[in-house]
Amino acid sequence: MSNNFYERQGDHHFTSSSHPTDQHSPHQNHNQIHDQHQNAQQNPYTKPLIPFQPRKRKRTSTLAWCMTLVCSIFWLAVILCGLAVLVVYLLYRPKTPQLKIAAATLNAGYIDTGNLLNADITLLANVINPNRKVDIYFSYLQMDMYFQGIMIGTQVIDAFYEPRGGANLKNLHIITSAVPLPLQVAQEWGNGTQDGGGGVALHLQGRFRTRWLFGRWLRFTNWLKPGCEILMGPPPNGVILRTNC
């Protein structure tokens, strides 16, 4: 019995020593969770865990799709038009028609009743088409004569067709009758047109409505405003002293 008694005591001692206190009771686990919660509250840098929630995709409305389609078609049309214009320009190399003054004469020009201008001017204008591949049709031409910014006469020219590389001479006869001028402007005209005067500076302003003919099918209409500065000597035989177009 003594041996059995010692064996039982040994077994009991072995059993208690082979199972250390590695398992916590529910009360201990609760205390650990409580301590962790308190540490998280005391630490301001600890962020609470937020459960991940996938975003819900918003459905694109029909109006938005339509607007996107319209904008895409619009910009596509703009790009295609720009490419077409670029191709036409590179193929034809269009140039603006030129206006030159071949001859001009100030036949008469005097101031009446203080500030009323009377003048008679003849000009020979040369309209040039410098293009090599483009024909131009001038459907409307108007020539206005100015002195010190004041229009003193005008004339309309009949329509004509100008082939590529061509030139067309047009006679202009501008008559000014009793055009009122400011006193200072009238004095400048009188000083320039008297015997031994330095002449008068006139400005010829054109206004052309042109139709450009690119090949057989392509047409383009454009308004042009060419101009020329003309310095003319005193009448009655006031010739061109200087011109710039």
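The values are calculated or read from the model by the stated rules, or taken from the named source; none is laboratory data. None of these values were measured; they are calculated from a predicted model. Methodologically, a virtual Cβ is constructed for each residue, glycine included, from the backbone with ideal geometry; neighbour enumeration extends over all protein chains shown. Surface areas here come from the heavy atoms of the whole protein model, side chains and all, with no ligands, DNA or RNA. Shrake-Rupley method; radii C 1.70, N 1.55, O 1.52, S 1.80 Å.
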Solution diffusion estimate, µm²/s, Stokes-Einstein, segment 150-237, Kirkwood Rh from C-alpha pairs, 37 °C, viscosity 0.692 mPa s: 201
Using a 1.4 Å probe over the heavy atoms of the protein chains, calculate the carbon and sulfur portion of the accessible area of segment 149-242 as a whole percent. 53
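Given the alpha-carbon gyration tensor of segment 175-226, what are the semi-axes of its equivalent ellipsoid in whole angstrom, ordered largest first, with each equal to the square root of 5 times an eigenvalue? Write out the running numbers ahead of the final one.
On the way: eigenvalues 350, 30, 13 Å².
Result for segment 175-226: semi-axes of 42, 12, 8 Å.
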Which is farthest toward the positive dipole end of segment 89-165 among ALA108, PRO163, ASN118, measuring Cα position about the Cα centre, with Cβ charges +1 (Lys, Arg) and -1 (Asp, Glu)? PRO163
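Grab the beta carbon distance between ASP112 and ARG132, set R0 = 35 Å, and tell me the FRET efficiency rounded to 0.05.
Working: r = 50 Å, r/R0 = 1.43.
Working from the Cβ atoms, E equals 0.10.
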Past the 18 Å Cα-Cα mark, which pairs from LYS133/LYS225; LYS95/LYS225; LYS100/LYS133; LYS133/LYS170? LYS133/LYS225; LYS100/LYS133; LYS133/LYS170
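With every protein chain kept in place and ligands, DNA and RNA left out, what is the accessible area per residue of segment 63-105? Probe 1.4 Å, answer in Å².
Numbers: 3380 Å² over 43 residues.
Spelled out: the 1.4 Å probe surface of segment 63-105, per residue, equals 79 Å².
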At 7 Å along Cα-to-Cβ for each site, give me the label-to-label distance between MET67 and THR96 in nm. 4.1
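For segment 69-149, build the convex hull from the C-alpha positions and give me its volume per residue in Å³.
Numbers: hull volume 14.8 nm³, N = 81.
It is 183 Å³ per residue.
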What is the distance, in nm, between label points placed 7 Å from the Cα along the Cα-to-Cβ direction at LEU124 and at VAL239? 1.2
For segment 188-245, averaging the sequence separation of alpha carbon pairs under 8 Å that lie six or more residues apart and dividing by its residue count, the contact order in percent is 34
Sort 62-75, 209-222, 227-240 by the packing proxy (mean of other Cβ within 10 Å over each peptide's residues), most packed first. 227-240, 209-222, 62-75
